[in-house]
Amino acid sequence: MGDVTQKRTPGEWRELLSSQEFEEAYEYEGDDLGAVYQTQGTDFALWAPTAERAELLLYRAGSAEEGAAEPFDRTEAVRTEKGVFRVHKSGDLSGVYYTWLVTADGQTQETADPYAKAAGVNGQRSMVINLKKAEPEGWDKDQEKLPKAPAPVVWEVHVGDFSHDPQSGVSEENRGKYKAFSEKDTCLDGNTGNPTCMSWLKWLGITHVQILPMYDYGSVDETGKKLQYNWGYDPMNYFVPEGSYATDPYHGEVRVRECREMIRALHRAGIRVIMDVVYNHTFSIDSVFQKTVPYYFYRQEADGSFSDGSACGNDTASERRMYRRYMIDCICYWAKEYHVDGFRFDLMGLHDTETMNEIRAALDRLPGGKEILMYGEPWAAGKTAIQPGYEQALKCNAALLSDRIGFFNDDIRDSIKGSVFEVKETGFVNGAKGLETQIRSSVLGFCDGAGGYQPSSAQQSVSYVSAHDNYTLWDKLVHTLTDSMEPDFGAYNEAALAQNRLAAGIYFTCLGIPFLQAGEEAARTKYGDDNSYRSAAKVNQLDWTRMQEYRDLAEFYRGLILLRKSFPAWRQRSLEVLDQISFVDAPEGCVAFTIRTEAAAESVSIDNAAPWQELFIIYNAKKEAVEFRLPGGKCSDPEQEPSENYFALEGKWQLLTDGTRFKIKGDTQLEQMKELEGSVWAEPVSITILGR
């Protein structure tokens, strides 16, 4: 192997760093990388096996503009085992900023610490932090207040979108910030009957909030000198919260404390937090990774160029031991220090299945770790130069993943409403013909293998129709209702509302985990912007006035959420639940089935359990009403014979929704709208749900 610190060409680095010999020689298994703080002194450790030398620089502020252009202390680091450079500094260094000056591959560059737990403004300098002092009040008992893990219903939101709207009810200084989540009793125009922000979430009843990237990212100037917006899929400091969401981005402990306060506020409302993580690429190749161990953390093509399966100019190499270790360390850190309850992996399909399974196993070893959710996007933006012998965590490789690693199911999404890439292409709810088979597979979470992949669990598919990417559900539906490329997205549209309710009804009654983009429940529009990652905040923010205008639609979602949480069959993990679902013969444009809860099924204990043992669900995408014979009943059409798959349980059927509304008692229970026997009419473009 020779001297690993000598200068090489990119192709030569690829050959060396991909070798088993290098991995075995320099894999470091210690848990002390970064700055390990104690009041009497701090130990700094940097893994940089290909570096000739490393020097630790200490600063009194996080940036030169704060009057700290030069370091007040410089210390040559000692190279130790496995290529780890170490420095010990005596005294209480909490609040002191630092960087490393690393000489590697013939260059000397100043860099932040890849394992930094805090940072100064814009993340250029790392900060030593006393994490205990950055805890909000009651942090040690934060998770004790959470109810037992519910059937997940995930609501995805960007920190800024949540409260940017001046009508959000949030104080001006906290709009767009972590602290917006801590404000209580927020409402529109002072009317407590029109809840906003946290009050809205508690009213709606979702169980989990998935937050778009809240780690430190590079695409927004944290000083606030520029009016900028970005989703944040541009990671810089993976262990550090984003500073633009803090009330003070200059002092590194503030973002840490305020991010924890946000999570505490959600937990106190009984809502769990899922973190959107982006380990498949970095903001740029000019990263802490490339400056400390050039080329190691990235995949390269045969000619030494960087692989670009992420469409971001660089793909990270999860299959390499020290990046796999980095991912595991980072995920577990957020779970332990920030009490994060789940992780959503951006472009998970770029990572290898071994790494994903090891992350799952590491989480499981934490106290309560088996309740932590884990799912991701089972695709990539393009071909990646993964090392031979590893499989990507793509949908087609679902069987290679732990059955507790879920994935976004784009087959469900596109079957319901049409392709996200072709704006005028329709799905089942908005006019496409011949999709009944795909919708039946969607009901089963594609656990029938019809998609060319085989989920190992009934909970593996994330069923959804909209997320931050692409058109909002409302914008997609409005587009497909007209030939115009510039439809009126802001106008009231009864046809779009009916399709919206049916679309939601379908994915909420599929096996798996239901997921919705924030505001989907109230006809959220971005006025036709299908890629708003850096559009103006006004385009992206939740419009709380509109949210109240479409309160009836949100009430319908609320009913679906209550039904989802109260019917035990949808919580079962075992594929045996497929035996509890039976499809009923239905005309073209309709899908109908029963789903039963069995006492002998895997034990599922829930609060406010539904009184119904069986549901009869009808999706009618036709423009006319259709009559269905109820199991055990007679139809007014003598030619419509019952399917042999009908279950003839005793008892009358109770209508729970006619596709326009639910009847909700208090905040926690559904009530029947009326009793039926014999047959039921499924209204045009609607979901009908009955129980007994």
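The values are calculated or read from the model by the stated rules, or taken from the named source; none is laboratory data. Treat the numbers as computed from the prediction; the structure is a model and nothing was measured. All Cβ positions, glycine included, derive from the backbone under ideal geometry; neighbour counts span all protein chains shown.
Within segment 639-656, restricting attention to residues that are within 22 Å of GLU588 (Cα to Cα) and of a type in the set (S, T, N, Q), which residue is modelled with the highest pLDDT?
Going through the qualifying residues, I end up with GLN640.
Restricting to segment 128-153, name every residue that is basic (Lys, Arg) and in a helix (DSSP H, G or I). Before you say what the answer is, go through the steps one by one.
Taking segment 128-153 first, the residues basic (Lys, Arg) are 132-133, 141, 145, 148.
Within segment 128-153, LYS132, LYS133, LYS141, LYS145 qualify.
Please enumerate the residues belonging to segment 265-312 that are over 25 Å from GLY34 (Cα atoms) and of a type in the set (S, T, N, Q).
GLN300, SER305, SER307, SER310
Pairs needed: first member in segment 194-208, closer than 18 Å to HIS164 by Cβ; second member anywhere, hydroxyl-bearing (Ser, Thr, Tyr) and assigned to a helix (DSSP H, G or I); C-beta distance under 7 Å; at least 6 residues apart or different chains.
Listed pairs, sorted by first residue: THR196/SER168; CYS197/SER163; CYS197/SER168.
If you go through segment 619-638, how many residues are modelled with pLDDT of 95 or more and part of a strand (DSSP E or B)?
5
Only one of (1) in a helix (DSSP H, G or I); (2) in contact (Cβ under 8 Å) with a residue 60 or more places away in the chain; (3) more than 22 Å from PHE593 (Cα to Cα) is not met by HIS479, so which one is it?
Only one criterion is unmet by HIS479, namely (2).
Do we find that ILE274 is over 30 Å from LEU16 (Cβ atoms) and either in contact (Cβ under 8 Å) with a residue 12 or more places away in the chain or under 18 Å from the mean Cα position of the chain (by Cα) (or both) in this structure?
In short, yes.
In the list SER457, SER463, which residue meets the criterion of being touching a residue at least 40 places away in the same chain (Cβ under 8 Å), of a type in the set (Ser, Thr, Tyr) and touching a Pro at 6+ places or on another chain (Cβ under 7 Å)?
Every option except SER463 fails the conditions.
Residue-by-condition table, conditions (1) surrounded by 19 or more Cβ atoms within 10 Å (Cβ to Cβ); (2) among the hydroxyl-bearing types (Ser, Thr, Tyr); (3) in contact with a strand residue (DSSP E or B) (Cβ under 9 Å, 6 or more places away or on another chain); (4) not assigned by TED's automatic domain parsing to the domain that holds ASP530:
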{"site": "ALA399", "(1), (2), (3), (4)": "no, no, no, no"}
{"site": "VAL420", "(1), (2), (3), (4)": "no, no, no, no"}
{"site": "CYS447", "(1), (2), (3), (4)": "yes, no, yes, no"}
{"site": "SER456", "(1), (2), (3), (4)": "no, yes, no, no"}
{"site": "TYR464", "(1), (2), (3), (4)": "yes, yes, yes, no"}
{"site": "THR472", "(1), (2), (3), (4)": "yes, yes, yes, no"}
{"site": "MET485", "(1), (2), (3), (4)": "no, no, no, no"}
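Testing VAL78 on (1) among the β-branched types (Val, Ile, Thr); (2) in contact (Cβ under 8 Å) with a residue 24 or more places away in the chain; (3) surrounded by fewer than 15 Cβ atoms within 10 Å (Cβ to Cβ), one condition comes back false. Which one is that?
Condition not satisfied by VAL78: (2).
Taking the stated definitions as given, is PRO195 within 30 Å of ALA112 (Cα to Cα), crowded, with 19+ Cβ neighbours inside 10 Å and modelled with pLDDT of 95 or more?
Answer is no for this residue.
Looking only at segment 305-355, count how many residues are part of a loop (DSSP other than H, G, I, E, B), hydroxyl-bearing (Ser, Thr, Tyr) and under 20 Å from GLY232 (Cα atoms).
Qualifying residue count, segment 305-355: 2.
Could you tell me which of the residues THR426, THR384 is surrounded by fewer than 24 Cβ atoms within 10 Å (Cβ to Cβ), within 30 Å of ASP483 (Cα to Cα) and touching a Lys or Arg at 6+ places or on another chain (Cβ under 8 Å)?
Exactly one of THR426, THR384 is surrounded by fewer than 24 Cβ atoms within 10 Å (Cβ to Cβ), within 30 Å of ASP483 (Cα to Cα) and touching a Lys or Arg at 6+ places or on another chain (Cβ under 8 Å), namely THR426.
Do we find a residue being under 30 Å from ASP286 (Cα atoms) and modelled with pLDDT of 95 or more anywhere in segment 161-171?
Among the residues of segment 161-171, at least one is under 30 Å from ASP286 (Cα atoms) and modelled with pLDDT of 95 or more, which makes the answer yes.
Exactly one condition in (1) of a type in the set (Lys, Arg); (2) more than 29 Å from ALA504 (Cβ to Cβ); (3) surrounded by fewer than 19 Cβ atoms within 10 Å (Cβ to Cβ) is not met by LYS117; state its number.
(3)
Between residues in segment 364-378 that are farther than 14 Å from GLN460 by Cβ and residues that are in a strand (DSSP E or B) and among the hydrophobic types (A, V, I, L, M, F, W, C), which pairs lie under 8 Å by C-beta distance while being six or more apart or on different chains?
ILE372/PHE343
Wholly within segment 179-281, which strands (runs of 3 or more DSSP E) include no fewer than the required count, namely at least 2 residues that are assigned by TED's automatic domain parsing to the domain that holds TRP544, of a type in the set (Lys, Arg) and out of contact with any Ser or Thr (no Cβ under 7 Å at 6 or more places or on another chain)?
It comes to none.
Using the structure shown, decide if LYS148 is at positive phi and either surrounded by fewer than 17 Cβ atoms within 10 Å (Cβ to Cβ) or of a type in the set (Asp, Glu) (or both).
For LYS148, the condition - at positive phi and either surrounded by fewer than 17 Cβ atoms within 10 Å (Cβ to Cβ) or of a type in the set (Asp, Glu) (or both) - is not met.
Conditions: (1) farther than 14 Å from SER126 by Cβ; (2) among the polar types (S, T, N, Q); (3) within 38 Å of the chain's Cα centre (by Cα). THR42 meets all but one. Number of the miss?
Single failed check for THR42: (1).
Taking PHE407, is it on the phi > 0 side of the Ramachandran plot, surrounded by 22 or more Cβ atoms within 10 Å (Cβ to Cβ), assigned by TED's automatic domain parsing to the domain that holds VAL209 and not in a helix (DSSP H, G or I)?
Details: on the phi > 0 side of the Ramachandran plot: no; surrounded by 22 or more Cβ atoms within 10 Å (Cβ to Cβ): yes; assigned by TED's automatic domain parsing to the domain that holds VAL209: yes; not in a helix (DSSP H, G or I): yes.
No; evaluated as a whole, the condition is false for this residue.
Tell me, which residue of segment 659-677 that is more than 28 Å from the chain's Cα centre (by Cα) and loosely packed, with under 13 Cβ neighbours inside 10 Å is farthest from LYS623 (Cα to Cα)?
Once the filter is applied, the top-ranked residue is GLY666.
Out of curiosity, is ILE274 aliphatic (A, V, I, L, M), crowded, with 18+ Cβ neighbours inside 10 Å and touching a strand residue (DSSP E or B) at 6+ places or on another chain (Cβ under 9 Å)?
Yes: the conditions hold for ILE274.
Given the options ARG53, ARG14, name the one that is surrounded by 19 or more Cβ atoms within 10 Å (Cβ to Cβ), at pLDDT 95 or above, closer than 19 Å to PHE289 by Cβ and among the charged types (D, E, K, R).
Result of the check over ARG53, ARG14: ARG14.
Only residues that are outside any strand (DSSP E or B), in contact with a Gly (Cβ under 6 Å, 6 or more places away or on another chain) and more than 22 Å from GLU222 (Cα to Cα): list them for segment 49-101, please.
PRO49
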